[in-house]
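The block underneath contains the structure these notes are about, expressed in structure tokens.
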Ligand code: SF4
Ligand code: MG
């Protein structure tokens, strides 16, 4: 049985800022792994670049820290080679919804059986606070002093329209709830997104823990099997550009949408039965292929 101690590394400690939402995601993820009873050697955490992307370094599973915006193709390749592994993409909003947006959309439509856990702090934290694709309109800060005129993207609507089969939003003010979402997302067979609101206490002075506590609520009596109902709920936020004076956003948390659909790996006849990593590479004559290429 896996314990929290089994997931601890001894050679280093996380260096996120005190109070950063990344700490909570790190703890929730480890709790979820323990609850699911997954073996650390059967898990791969894949990340790109950003504060959040340092997470795989501090959990004793397999990990891959790659290029900015590119965790998804690496994660998909890992699933192709050995789809028995539990693969979790750890990405920031800048990383996955900016540079990596196309990879996210295509992984969702393919229904690759992996979990994408986005640390969404609505800012580029590692590079001191530039606007990200999820920054609210009208925001300005030290790094970008001119207010943004761009409306934020809605990762959940993108996921829904692209064909993701599990779509959820979490918030790092509630570790227990976040753990439950990660557990459900990993258990789900198919592409699962847990977009997690993770306040950057150092550079985002608007979307703070207090700001979220005043706005979040949990989905109740929501029909997660209906795309129409999911879209209605997803549309509640972000809508900052449509708010009237003194009106506050309402930010729903929980599972918006879930459906069962064959996964990418199941649809590929070459690997549907046996993972590539377990297939024999002996006695394969590739000379006809080489001749064709000559
Ligand atoms: Fe967290 Fe922001 Fe500090 Fe990065 S800069 S560790 S996101 S608080
Ligand atoms: Mg960010």
* Asked: Would region 57-72 turn up any residue that is within 11 Å of ligand 2 (Cβ to nearest atom) and touching a strand residue (DSSP E or B) at 6+ places or on another chain (Cβ under 6 Å)?
  -> no
* Structure fact -> Residue count, region 44-62, condition more than 15 Å from the chain's Cα centre (by Cα) and away from ligand 1 (no atom under 16 Å from the Cβ), comes to 4
* Looking only at region 182-206, and only at residues there that are surrounded by fewer than 24 Cβ atoms within 10 Å (Cβ to Cβ) and within 16 Å of ligand 1 (Cβ to nearest atom), the one that is nearest to residue 128 (Cα to Cα) -> 203
* What is the one condition in (1) more than 25 Å from residue 130 (Cα to Cα); (2) within 21 Å of the chain's Cα centre (by Cα) that residue 266 does not satisfy? -> (2)
* Residue by residue through region 142-184, note down the ones that are closer than 13 Å to residue 108 by Cβ and part of a strand (DSSP E or B). => 166, 167
* 1 or more residues touching a helix residue (DSSP H, G or I) at 6+ places or on another chain (Cβ under 6 Å), at pLDDT 95 or above and closer than 16 Å to residue 153 by Cα: qualifying strands (runs of 3 or more DSSP E) within region 53-133 -> 86-92, 115-120
* Inspect region 200-217 for any residue being at pLDDT 95 or above and over 30 Å from residue 246 (Cα atoms) and give the result as yes or no. => no
* Just name the residue that is surrounded by the most Cβ atoms within 10 Å (Cβ to Cβ) out of those in region 34-52 that are assigned to a helix (DSSP H, G or I) and free of Cβ contacts under 8 Å to residues at least 60 places away in the same chain. => 34
* Looking only at residues in region 210-234 that are within 16 Å of ligand 1 (Cβ to nearest atom) and surrounded by 15 or more Cβ atoms within 10 Å (Cβ to Cβ), which one is farthest from residue 23 (Cα to Cα)? -> 211
* To do: Within region 185-223, track down each residue that is in a loop (DSSP other than H, G, I, E, B), closer than 14 Å to residue 160 by Cβ and within 19 Å of the chain's Cα centre (by Cα).
  => 190, 191
* farther than 30 Å from residue 23 by Cβ, touching a residue at least 12 places away in the same chain (Cβ under 8 Å), touching a helix residue (DSSP H, G or I) at 6+ places or on another chain (Cβ under 7 Å) and surrounded by 11 or more Cβ atoms within 10 Å (Cβ to Cβ), is that true of residue 259? -> no
* To do: Check whether at least one residue in region 7-18 is closer than 27 Å to residue 163 by Cα and surrounded by fewer than 18 Cβ atoms within 10 Å (Cβ to Cβ), and report yes or no.
  => no
* How about region 101-147: which of its residues are surrounded by fewer than 22 Cβ atoms within 10 Å (Cβ to Cβ) and within 16 Å of ligand 1 (Cβ to nearest atom)? -> 126, 127, 128, 129, 130, 133, 139, 141, 142, 143, 144
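The values are calculated or read from the model by the stated rules, or taken from the named source; none is laboratory data. Since the structure is predicted, the reported quantities are computational estimates derived from the model, not experimental observations. Note: ideal-geometry Cβ built from the backbone for every residue, glycine included; neighbour counts use all protein chains shown.
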